[in-house]
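Data block below; observations after.
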Amino acid sequence: MKTAQTIYQEGSHRWVVIARDPSKPNCVIDTNEYLVSREGDNLLTDPGGSEIFPAVFAALSTIVDPMSIRYLFASHQDPDIISSLGLWLECNPEIRCYVSRLWSSFIPHFGGDENSLVAIPDEGMGMPLGSGQIEYVPAHFLHSSGNFHLYDPDARILFSGDVGAALLPPEEDELFVRDFDKHIRHAEGFHRRWMGSTEAKLDWCERASRMKIDMLCPQHGSIYQGDDVMRFINWFAELPVGLSTFRHRR
Amino acid sequence: MSNKPTHKTSSGELAGFVRLNEGIKGVVLIAFQINIMALNAILLAHRAGEVALGFGVISKELRSLSVELTGLMQELSNDAYLAVNLISDLLRQERRYRLLKKATDLVANPSPALRDVMVRREEEFSLITHRVRDVRLRLLDRLEDARKLCQFGTAISRSAKIEAAYGREYGRALAEVSQEFDQKIQNILPSIEALCTGMQRR
């Protein structure tokens, strides 16, 4: 079963990561879900695929009542991100799921409708959460054409979806990056293939470098904190990505 | 879930209804051929005049039969489509139920709200299961109607053979047509029987 671990807490404001499921089927990619909680307002980022729903639900129940989740945020449309939506709506039909406007008519194939999906405009938007405010930050084409990250300015945490993701071998699947150089090797192939646009990448790096980020939390792999955040942004800015790096083999 | 079929049985049921739809297409094709044949037979009987009056009446009956059979098959096809939709929904519900149940089992103390969700799922599942059963019963009724219609067709195609014997110089042509009628009707009956057996087995 996945475990829930608090990575930030300030009063009732907290971030909890739900990660590392040793019992998940090998064919299903491991994912990190983050609970952002503030004065009883609970938001879950990239809640995951249907098959891992039980594990996420159970891990979450050790921290909060999963039925109290009020908001979901889907960074993009992939099945490992949001195919569990129908199950969450079974539990609480009042849940609202925030997603790029591009995907608001595609995601209902997983569940939900125009009432349960809230379309985020391309330029992003803010959203109140408890007494604070979170921001949906544009990250289009990284990797999806309608892609957002979630920034919590008070906690100084950026949930970065697939940006920063790493496919870690089981013996190196620590929750936080400990050795950046060693870790980033597991992120390189992923970013080269999945991040298709150099222009989008540089635009994101420029904006991210101006944000105050203590933790950069990807959907797969380990969390970057402290100086590793800027190390990652610089590494990513330098990394060749896109079609020019892709050698198609027949 | 009480009366909850397994995923395997729902999948098998889905395949059964898809096969039914394929069988229906075969019957509709034969019914169309009978219709054209009957139209030609009516014209032939008209040319033959008084000696083929009875044959003409029988040909009209066979034409009506083919139209009725086509309508019946259309209704069966609609029901089969409805059943495929319902069973697809059932399969989706089964999967959701399985995942929600797993989540409930993993939670130390499931909340009453979560238990309510499970109860609602079970009720919904039971409702769809009953609707599938109703559609299957309706399909069986319609298949029984189709079987009776074909039995009637068999009887009148035999009458056509007898009437052809009175056709004098048109006798041979009428006999050929009546023989084809009989063959076509005989082709439909096994298809209808197979569809009935396929549905009853479930």
Dipole size in debye (nearest 20) for the stretch B:7-200 around its Cα centre, Lys and Arg Cβ +1, Asp and Glu Cβ -1?
-> 580
At a temperature of 20 °C and a viscosity of 1.002 mPa s, determine how fast the stretch A:42-123 diffuses translationally according to Stokes-Einstein, using the Kirkwood radius over alpha-carbon pairs as Rh; express D in µm²/s, rounded to the nearest whole number.
-> 173
Using a basic spin-label model with each label point 7 Å from the Cα along Cα→Cβ, how many nm lie between B:ALA15 and B:HIS130?
-> 3.0
Chain B, Rg to Rh (Cα coordinates; Rh as Kirkwood inverse mean 1/r) | 1.26
Per residue of B:31-37, other chain Cβ atoms within 10 Å number on average 0
At what distance in angstrom do the alpha carbon centres of the stretch A:1-49 and the stretch A:183-250 lie from each other?
-> 22
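What's the ranking of A:200-211, A:45-56 by average number of surrounding C-beta atoms within 10 Å, highest first?
The peptides rank, most packed first, as A:45-56, A:200-211.
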Considering only DSSP beta bridges with both partners in the stretch A:93-250, what is the antiparallel share in %, to the nearest 5?
-> 60
Charge dipole (debye, nearest 20) of the stretch A:1-153; +1 at Cβ of Lys and Arg, -1 at Cβ of Asp and Glu = 220
Student exercise, the stretch A:77-204 dipole from Lys, Arg, Asp, Glu Cβ charges, in Debye to nearest 20 = 220
For peptide A:56-69, compute the average count of partner chain beta-carbon atoms within 10 Å of each residue's beta-carbon.
-> 4
Amide H to amide H, which residues 5 or more places from A:ILE120 or on other chains are under 5 Å from it, using H placed in the peptide plane?
-> A:VAL99, A:SER100, A:ARG101
For B:LYS148, the aspartates and glutamates lying under 13 Å Cα to Cα, once residues fewer than eight places off in the same chain are dropped, come out as B:GLU68, B:GLU193
What residue among B:ALA194, A:GLY242, A:SER37 has its Cα farthest toward the positive end of the dipole of the protein assembly as shown, where the charges are +1 on Lys, Arg and -1 on Asp, Glu, each on the Cβ?
-> B:ALA194
Please give the helix A:180-194 orientation as an angle from the longest Cα principal axis of chain A, in degrees from 0 to 90, rounded to the nearest 10.
-> 80
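Which of B:LEU62, A:LEU60 comes first, and how do the rest follow, when ranked by fewest Cβ neighbours within 10 Å?
Least crowded to most crowded, the residues run A:LEU60, B:LEU62.
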Over all residues in B:98-106, what is the mean tally of Cβ atoms on other chains that come within 10 Å of each residue's Cβ?
-> 6
So what is the relative contact order of chain B, in percent, for Cα pairs below 8 Å that sit 6 or more residues apart?
-> 32
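Rounded if a/c is under 1.5, else prolate if a/b beats b/c, else oblate: with a ≥ b ≥ c from the C-alpha gyration tensor eigenvalues square-rooted, which is chain A?
Judged from the Cα gyration tensor, chain A comes out rounded (a/c under 1.5).
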Across every pair of different alpha-carbon atoms, what Kirkwood hydrodynamic radius in Å does the protein assembly as shown reach?
-> 26.5
Of all DSSP beta bridges having both residues in the protein assembly as shown, the percent classed as antiparallel (nearest 5) is 65
So which of B:LYS25/B:LYS161; A:LYS24/A:LYS182; B:LYS60/B:LYS184 end up more than 19 Å apart by C-alpha?
-> B:LYS25/B:LYS161; A:LYS24/A:LYS182
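Each reported figure results from applying straightforward, stated rules to the coordinates on display, with no laboratory input. The structure displayed is predicted, hence computed values, not measured ones. Counting neighbours? That spans all protein chains shown, and the Cβs are built from the backbone with ideal geometry, glycine included.
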